[in-house]
1. Can you compute the modelled spin-label distance between ASP401 and ARG234, with each label point 7 Å from Cα toward Cβ, in nm?
2. Before anything else, pin down the relative contact order of the chain: Cα pairs under 8 Å, at least 6 apart, normalised by residue count, whole percent.
3. Given a Förster radius of 41 Å and the C-beta distance between GLU470 and ILE218 as r, what FRET efficiency does 1/(1 + (r/R0)^6) yield to the nearest 0.05?
4. Could you work out the Kirkwood radius for the range 291-351, taking every pair of different alpha carbons, averaging 1/r and inverting it, reported in Å?
5. Report the gain in length on full extension from ASN414 to THR167: 0.36 nm times residue separation, minus Cα-Cα distance, nm rounded to one decimal.
6. Would you kindly compute the Cα radius of gyration of the range 361-464 and its largest Cα-Cα separation (Dmax), both in Å?
7. Taking +1 at the Cβ of each Lys and Arg and -1 at the Cβ of each Asp and Glu, which of ALA499, GLY299, ALA135 sits farthest along the dipole of the chain towards its positive end, judged by Cα position relative to the Cα centre?
8. For a quick protection proxy, order the peptides 126-135, 233-242 by their average other-Cβ count within 10 Å, most packed first.
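The values are calculated or read from the model by the stated rules, or taken from the named source; none is laboratory data. This one's a predicted model, so the numbers in the text were calculated from it and none came from an experiment. Cβ: placed from backbone, ideal geometry, glycine included. Neighbour counts: every protein chain shown. Remember, those area values only see protein heavy atoms, side chains included, never the ligands or the DNA or RNA. Shrake-Rupley method; radii C 1.70, N 1.55, O 1.52, S 1.80 Å.
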Amino acid sequence: MQISRRSLLRAAPALLAPACNRTSLLRALAAAPPAQPRICMTNGAAAAGLDFVLRNGATGHKYQVETLAGGIGVIDFDGDGWPDLFCTNGAMLPDLRKKGPEYWNRLYRNNRDGTFSDVTEKAGLQGDGYAIGVAVGDYNNDSYEDLFVAGVHGNHLYRNNGNGTFTDVTQESGLAGPGSLGRPAWSVAACWIDYDHDGRLDLFISNYCDWSPGTDPICGGMEAQARAYCHPDRYTAEPMQLYHNNGDGTFTEITRKQGLPDLLGKGMGVAMADFAGDGYPGIFVANDNARNLLLRSHGKGFAEVGVEAGVAYNGDGRNISGMGADFGDIDGDGRLDIVMTGLKNETYEVFLNQGDGLFEDGSAQTKLLNASRLWGGWGCGLVDLDNDGWLDLFVAGGGLDVKDAQPNRVFFNNGGRFADVSGEAGLESAPPALHRGAAFADFDHDGRIDVAVTTLNGPIELWWNRSLRENPARHWLQLRLTGRRSNRSALGAEVRCHAAGRMQLRTVSNSVGYASSSDLTVHFGLGTATRAAIEVRWPSGIMQSLGEIAADQRLSVEEPIG
């Protein structure tokens, strides 16, 4: 095999990256023309001081809740501009209590040097009960990011005090108790959203099914070793819930007012974006073996339009085990598409946005249909991992039980077509696991998006993005938006980036994948472009043009008053 010296020199950084598949690299270099791995990632959680282990309290009884733990959130809790990490954790079963530190939720502060410190006790975030999902947002507009933790028969709202500590304000905020459900809810995920554009973040909660400790039906066999987790069809679905922010630190449930009690679906992952392009944010809910939900806002509330919009079922007209979901412009046409993960042999789902709030099945067109057939997926995210201006897909891999352990997957976006590059990207270097939540942020501020992933009864993974930045050059731009008339977190704002003859579209949203919350910073890969023109449409309706901006920098953008 003949490999030029110039090619080897260009490849040197990738050859030195421990998680990148060197054999795949050499094969690529031997091909014509020479190529290098576009995406390269390496797991550095232990070296970074992240020692979190997600524990689901499994006892062999196959309680259904054991399979669903694992949401993770990015939060800049101390306001220093560096993304910190919050991890939800399970509890003892069947009593749903955190009886020791091994079941605490955990908060890790970013030390800004590639390491993290556990500050859970100081922050007062050890938690209560069996936690599953997390939503991050500044609900009281005081400039400090707060935490909502969704769980089994108990959710919690933690107000950020601005001094490194949090206060549990669930009771006084009006978020305690089952609300309109009339019975304890099993909440999986949540989404902060200013659906009525009053400048305050409202709360949408994705509930799963009616379950009580110790009442699971016996599935798989009567003998203990034959027990298996039951199919979701053995459980009754629970409705979604919507809470309006009153602006005084309290919330009022308006679920019945909006007709949401009829939305039964065993809700899992939640994604938020203005998919219709009408200035109002909507919500997609991936449901477990039930039709998916699509909520379109009309300013005063929501209408469920999943069937009419073409996203309720997959291309075969069937339900799948919908786990995670995300919005993003996959094919570069300036409209926000939807991706949804499922279990092995179901394939992941892509819904391509046709405009006017309508979608078509795009799983085959984007090549994800066959590429995903062998893989189960939970957390996921459409993120530009190689800064070429196209959104790649990262998926937290795994199934339900220990026999279903899998590596994470990454699918490279080549002009609207996905290709599985997990091997050469380095993801298969880690042992297979039951991965669950995934959250995305540039944790080390090097202009490349990294990924934090939880594993059921295993250590957390932190995948540092070590994709090459030269040959060809790959530039980037990051924007952190702060609302003034709009909600402080700027959730729902729309950002357009014009560079190198292309327009990229992003929504400020952190509800991503499965039960997780990513960084609110907006990231654009610019490829070879060294400058970009930026336009922002704020939730208030204000349009702001930033003009041309130099690449490779992070900018803070504040909403103008008028």
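1. The two pseudo-label positions are separated by 1.1 nm.
2. 15 percent.
3. The pair GLU470/ILE218 has a calculated efficiency of 0.10.
4. Taking every pair of different Cα atoms in the range 291-351, averaging 1/r and inverting gives 12.5 Å.
5. Here the segment from ASN414 to THR167 would lengthen by 84.3 nm.
6. Answer for the range 361-464, Rg first and Dmax second: 13.3, 38 Å.
7. After comparing all options, I get ALA499.
8. Taking the mean over residues of other Cβ atoms within 10 Å, the ranking is 126-135, 233-242.
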